[in-house]
1. What list of whole percents do you get for P(r) of region 10-56, with Cα-Cα distances grouped in 5 Å bins up to the one holding the largest distance?
2. How many percent of the accessible area of the chain is carbon or sulfur, using a 1.4 Å probe?
3. I need the fraction of alpha carbon pairs in the chain separated by more than 15 Å, rounded to a whole percent.
Amino acid sequence: QVVLFSPKTFDEAGEIVNHITANHSVVMTLEGIPTETARRLLDFISGIAFALQGKITPVSAKTYFVTPQNVDIIGAQSEAPESDGQYF
């Protein structure tokens, strides 16, 4: 399964973690939330993905694909996409 998620607060990070531990892939968009909250979420989810041997792949400046260890992304970009300096 792939879950689309647009968190509005850091408190929603637990729900994303639940999906990842259930072996679901998550498309997480950080549009519309304060930059500091977005950075905090991204750091936390990156740590969780690493700890679970999953991956986090940037799709655009504020959208990320978080996958558990049993999912491979074919055709993934080897570099981060262009963002005009808007990556966190």
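1. For region 10-56, the binned pair fractions read 5, 22, 35, 25, 10, 3 percent.
2. 51 percent
3. 55 percent
The values are calculated or read from the model by the stated rules, or taken from the named source; none is laboratory data. In this text the structure is predicted, and so the values were computed from the model without any measurement. Calculation scope for accessible area: heavy atoms of the full protein, side chains included, ligands and nucleic acids excluded. Shrake-Rupley method; radii C 1.70, N 1.55, O 1.52, S 1.80 Å.
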